[in-house]
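The values are calculated or read from the model by the stated rules, or taken from the named source; none is laboratory data. Only a predicted model underlies this, so the values are computations on that prediction, with no experimental measurement involved. So basically every Cβ, Gly included, is an ideal-geometry build from the backbone, and we count neighbours across all protein chains shown. Note: areas computed on protein heavy atoms with side chains; ligands, DNA, RNA excluded. Shrake-Rupley method; radii C 1.70, N 1.55, O 1.52, S 1.80 Å.
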Amino acid sequence: MGENKPANKAVLNWVHEVESLTKPENIFWCDGSKEENDYLLGEACRQGVLIKLNQEKRPGCYLHRSNPNDVARVEQFTLICTPTEEEAGPTNHWADPAETYSKLHGMLKGAMRGRTMFVVPYIMGPVESPLAKVGYEITDSLYVVLSMRVMTRMGARASEKLGEKPDAEFNRGVHSLLDVNPERRWICHFPQDNAIISVGSGYGGNVLLSKKCLALRIASYLAQKQGWLAEHMLILGVESPKGEKHYVAAAFPSACGKTNFAMLIPPKHYDGWKITTIGDDIAWMQIGADGRLYAVNPENGYFGVVPGTSYKSNPNAMRSIERDTIFTNVALTDDGDVWWEGKDGEAPQHAIDWRGNDWTPASKEKAAHPNSRFATPMQNNPVLDPHVDDAAGVPISAIIFGGRRSDTMPLVFRAFDWQHGVYIGAVMASETTAAATGAVGKVRRDPMAMLPFCGYNIGDYFRHWLKIGKRLTNPPLIFHVNWFRKDAEGHYLWPGFGDNMRVLKWIIDRCEGRSGAQKTAVGCIPRPEDLDLEDLEGVSPEQLDKLLAVDPAEWEKELAGEKEFFASLAPNVPEELLGQMQQLEERLRR
Ligand code: OXD
Ligand code: MN
């Protein structure tokens, strides 16, 4: 075991270089087999990295507790190391590549002494997809190895796919926990080298290098060069009782319910309708021969936010995490099960909280960290789409942008065309969540939900989107949604979750040219009679009016915010988008 060396010399040479630098006690070459996984799970439990949960209640499930100083992505320590600062652009933290390599190599010198260095080969995307990418992650964390097996197509097949050609393209990822010290925590990307170095953290978003680092930051850079899109989007399928099927891709910022939306269960009267999941976080999309956009999910699992997940909010996620799941930073019950705020049923009388301390319902602290997570294989999802492994991907009928906004943004509206849609995505904003360190609940602009994930200059990214639109002869329609609008007392106006199907139905009907809408200054908005409101509980006609309203005072403020944002990106905002802003201003004035 641990002997699965790839044949590719470039991989061997690079691993050897990292070995010479970090001086591990031994090297473990992963093959991704079940035997290997069983062995490593045993090791992780023996070393206290994982706690084995009650196997009767949760077969194959484990709990990990991260260092309390290390529970979320660290955007301020996430660097894009392009040759010039201009290439990284105004929304990224930039650092000089040579200086950064030198600083990181200094930290990595001898960093794995006495530790095992794991080499994890993996594929992102369906194995036969032209978009599929091979990566290798070198790590000294067992938690990373075990999570990578859930989250990616990990193992020997990646080395087989790469082959022996010395110039075959692969991502080089190096991760070391070091001493998990926030002062020595850096997540660094070298897009030109297809390389990532992450040190000082054990939190998923910082260390599962396949995910945010490769599949978004590096991939977005490659996508711009190669003419495709790497996006922070879920992908879902909607099938009507007549068998008519559409796929939709939706971008929401972190912890805004992407996983819930991707696995939605429609209200009762949607008899015969089916929602299926392709992905819950990332979409790679390319233009097909028919001029449509086709999407694949590069991942193999879901790294979802746990608190608030219940049989009410997301039954399919609950079923997915019944087995073969790695939980991070949730509470441990006395019978060896897991618990979190917002789980169904009563809180336990006693538990061990995410920090490892005693917890009771009287405790002031939360039992589970607000950004506690599950990592579960997508194969566990009862509504996994049958085309999830298709090399060609699935055709996208609609793109949805959305944020968490207490005011201003209507429940749903449609962009007039692709260019207007790109504008809507470019200025989208959301109230911040616990998925990243920093203040929670502050409105920030998060273009296409890519603010923390775009690996190059955001102005060029907008330009790339506009270019893709020109090549699409059959483009998806673009929408904006907001499930989070509140009334004056701070209560949510929309029930969300399964009832979001009503909005999705309107979107699909728009794609089919069927549903009605009213043209407003900001886009086409359904009138109440255009939405399916059958059996909708708890939403009065007044609430519905408020949900669909365009409030001039709120939009005046919104426009000022959008202007301020574009001003902060000057001078690299595409003319077309400045034109869109001006048109919006004129429409609002009319
Ligand atoms: C995630 C995130 O983990 O966006 O998906 O933070
Ligand atoms: Mn995400």
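One residue is enough: does region 185-192 have a residue meeting the conditions away from ligand 1 (no atom under 14 Å from the Cβ), at pLDDT 95 or above, under 18 Å from the mean Cα position of the chain (by Cα) and closer than 17 Å to G125 by Cα?
No, that holds for no residue.
Of the residues T276, T360, T333, only one is under 23 Å from the mean Cα position of the chain (by Cα) and farther than 23 Å from M450 by Cβ; which?
T276
Cβ contacts < 6 Å: first residue of a type in the set (G, A, S), restricted to region 190-217; second residue assigned to a helix (DSSP H, G or I) and within 16 Å of ligand 1 (Cβ to nearest atom), any location; separation 6+ or different chain. Result?
Close Cβ pairs (under 6 Å, with a partner that is assigned to a helix (DSSP H, G or I) and within 16 Å of ligand 1 (Cβ to nearest atom)) amount to S198/N206; S198/V207; S201/V207; G205/K212.
Matching residues to (1) open to solvent by less than 30 Å² (accessible area, probe 1.4 Å); (2) within 22 Å of S220 (Cα to Cα); (3) within 16 Å of ligand 2 (Cβ to nearest atom); (4) touching a residue at least 24 places away in the same chain (Cβ under 8 Å):
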{"site": "P370", "(1), (2), (3), (4)": "no, no, yes, yes"}
{"site": "V388", "(1), (2), (3), (4)": "yes, yes, no, yes"}
{"site": "V394", "(1), (2), (3), (4)": "yes, yes, no, yes"}
{"site": "G403", "(1), (2), (3), (4)": "yes, yes, yes, yes"}
{"site": "T408", "(1), (2), (3), (4)": "yes, no, no, yes"}
{"site": "H420", "(1), (2), (3), (4)": "yes, yes, no, yes"}
{"site": "M428", "(1), (2), (3), (4)": "yes, yes, yes, yes"}
{"site": "P452", "(1), (2), (3), (4)": "yes, yes, yes, yes"}
{"site": "R463", "(1), (2), (3), (4)": "no, yes, no, yes"}
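Would you tally the residues in region 118-137 being closer than 26 Å to E17 by Cα and touching an Asp or Glu at 6+ places or on another chain (Cβ under 6 Å)?
Summing the residues that are closer than 26 Å to E17 by Cα and touching an Asp or Glu at 6+ places or on another chain (Cβ under 6 Å) in region 118-137 gives 1.
Residue under question is R157, and the condition is that it be touching a Gly at 6+ places or on another chain (Cβ under 8 Å) and open to solvent by 40 Å² or more (accessible area, probe 1.4 Å); does it hold?
yes
Just to verify a result, which residue in region 539-577, among those that are closer than 16 Å to F484 by Cα and open to solvent by 70 Å² or more (accessible area, probe 1.4 Å), is farthest from the chain's Cα centre (by Cα)?
If we take residues in region 539-577 being closer than 16 Å to F484 by Cα and open to solvent by 70 Å² or more (accessible area, probe 1.4 Å), then D545 is farthest from the chain's Cα centre (by Cα).
So that you can scan it fast, the table gives a plain yes or no per residue for (1) charged (D, E, K, R); (2) assigned by TED's automatic domain parsing to the domain that holds V503; (3) within 16 Å of ligand 1 (Cβ to nearest atom):
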site	(1), (2), (3)
G237	no, yes, no
A249	no, yes, yes
C256	no, yes, yes
G272	no, yes, no
I278	no, yes, yes
Q286	no, yes, no
D290	yes, yes, no
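Can you tell me which of R502, R485, R514 is of a type outside the set (S, T, N, Q), at pLDDT below 95 and in the same structural domain as A449 (by TED's automatic domain parsing)?
R514
Which numbered condition trips up F497, out of (1) hydrophobic (A, V, I, L, M, F, W, C); (2) under 30 Å from K268 (Cβ atoms); (3) open to solvent by less than 50 Å² (accessible area, probe 1.4 Å)?
Of (1) hydrophobic (A, V, I, L, M, F, W, C); (2) under 30 Å from K268 (Cβ atoms); (3) open to solvent by less than 50 Å² (accessible area, probe 1.4 Å), only one is false for F497: (3).
Are there strands (runs of 3 or more DSSP E) fully within region 400-459 with at least 1 residues that are within 16 Å of ligand 1 (Cβ to nearest atom)? List them.
429-431, 443-445
The conditions are (1) under 25 Å from R589 (Cα atoms); (2) touching a His at 6+ places or on another chain (Cβ under 8 Å); (3) surrounded by fewer than 21 Cβ atoms within 10 Å (Cβ to Cβ); (4) among the hydrophobic types (A, V, I, L, M, F, W, C), and C511 fails exactly one of them. Which is it?
Unmet for C511, out of (1) under 25 Å from R589 (Cα atoms); (2) touching a His at 6+ places or on another chain (Cβ under 8 Å); (3) surrounded by fewer than 21 Cβ atoms within 10 Å (Cβ to Cβ); (4) among the hydrophobic types (A, V, I, L, M, F, W, C): (1).
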